[in-house]
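S.K.: Starting off with a structure, shown below.
Nothing in this text is a laboratory measurement; each read-out follows from the coordinates by a stated rule. Keep in mind the model is a prediction, meaning the values are calculated, not measured. Glycine also receives a Cβ, built like all others from the backbone with ideal geometry; neighbour counts cover every protein chain displayed.
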Ligand SMILES: [Zn+2]
């Protein structure tokens, strides 16, 4: 859909989400290696890192939903906009 593809904010949120996803996979890979090598300290650190990244992805998902509702609601999801009272 063009209106979303051309929206700078949508692009920014999508890029950040993608970056966080890549980061998550990277940390997940490192965690596997650390667990395999029984590196307790690294495993703990990576587990913290993964949960921080997950939190960031949740926030970005939320921000994307909020932005879409605020900026693209009439076009994208009229039912959701009507339900939330956004005009
Ligand atoms: Zn947008």
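S.K.: Tell me, in nm to one decimal, what length is gained between residue 66 and residue 25 on full extension, where the rule is 0.36 nm per residue of separation less the Cα-Cα distance?
M.R.: Values: separation 41, 0.36 × 41 = 14.76 nm, distance 2.56 nm.
Result for the pair: 12.2 nm of gain on full extension.
S.K.: Ranking 37, 54 by Cβ neighbours within 10 Å, fewest first, what do you get? Show your work: numbers first, answer last.
M.R.: Numbers: 37 10, 54 13.
Least crowded to most crowded, the residues run 37, 54.
S.K.: Modelling each spin label as a point 7 Å along the Cα-to-Cβ direction, I'd like the residue 33/residue 8 distance in nm, to one decimal.
M.R.: Label at residue 33, label at residue 8, 3.8 nm between them.
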